[in-house]
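Here is the structure we will look at, set down as structure tokens.
The numbers here are math on the coordinates, done by the rules we state, and not lab data. Keep in mind that what you see is a predicted model, and the values were worked out from it rather than measured. We place every Cβ from the backbone using ideal geometry, glycine too, and count neighbours over all the protein chains shown.
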Amino acid sequence: MAEQFHSIEPSLLAFIEKQHMFFVATAPDSLKGHINLSPKGYDTFRILSPNEVMYLDLTGSGNETSTHIAENGRITFMFCSFDRSPLIMKLYGRGEVILPTSERFEELMSRFDPMAGVRQIIRADIHLVVTSCGYGVPLYDFVAKRETMDRWALQKGVDGIAEFQRTYNSTSIDGQPTPLGRSF
């Protein structure tokens, strides 16, 4: 049975901290635009308060999340247990994109270990937390985090990452400008 909460309670916080992966979903206002759903890994999610979270967004092949957030602010995070204790948790909120050029970026970045390929921080105010059983989710074992992203970003270097972001992260797949694209 689904349960609703108005904030991230301590037991829910403990569940989030155990997960190796989470998902981020956003959507444009236009019915013609594409809904985005992205898996995220590494140690990139932080809970700032019972109603405020953020994650460190690493350079990737697209940048839909930031475009949608700039357009309407809507964001949903999903955490899903793949071990013997089934549970699905969704955090519904309004997000903001914090670029490396923002005054707040360095202070928020200090909550993470240094990582290559950082693109931006996505911060969100959470207004609803919903849990459901997760009984239909299969069991999987966590083996290890992938090292591919780290190697790729280190090989590209700072200038190579900047060029990649200009080329591939300046607009969404729907052709809309991203906050990062507006900063170039």
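How large is log10 of I(q)/I(0) for the chain at q = 0.17, 0.18, 0.19 Å⁻¹ when the intensity is taken from the Debye formula with one equal scatterer per alpha-carbon?
-1.18, -1.30, -1.40
Quick one: Lys32, Lys156, fewest Cβ neighbours within 10 Å first, how do they rank?
The order, fewest Cβ neighbours first, is Lys32, Lys156.
Which residues among region 112-132 fall inside the zone where the amide N is under 14 Å from a point 7 Å beyond the Cα of Leu154, along Cα→Cβ?
114-117
What is the local net charge at Ser66, summed over the other residues whose Cβ is closer than 9 Å to its Cβ (Lys, Arg +1; Asp, Glu -1)?
-1
Which ordering of Leu99, Leu31 is given by a fewest-first count of other beta-carbon atoms within 10 Å?
Leu31, Leu99
Quick one: Leu87, Leu37, fewest Cβ neighbours within 10 Å first, how do they rank?
In order of increasing Cβ crowding within 10 Å: Leu37, Leu87.
Between Arg94 and Asp113, what length in nm is gained on full extension when 0.36 nm per residue of separation is reduced by their alpha carbon distance?
Separation in residues times 0.36 nm, less the Cα-Cα distance, equals 4.3 nm.
Quote to one decimal, in nm, the extra length available between Ile35 and Gln4 on full extension: 0.36 nm per residue of separation minus the C-alpha distance between them.
8.8 nm
Taking 7 Å along the Cα-to-C-beta vector as the label spot, tell me the Tyr168-Cys133 distance in nanometres, rounded to one decimal.
4.1
Would you compute, from DSSP H runs of 4+ residues alone, the mean residue ellipticity of the chain at 222 nm, taking -39500 (n - 2.57) per run and dividing by the full residue count, rounded to the nearest 500?
Roughly -7500 deg cm²/dmol at 222 nm, from the helical runs in the chain.
What is the sum of charges around Glu96, taking Lys and Arg as +1, Asp and Glu as -1, for the other residues whose C-beta is under 10 Å from the C-beta of Glu96?
+2
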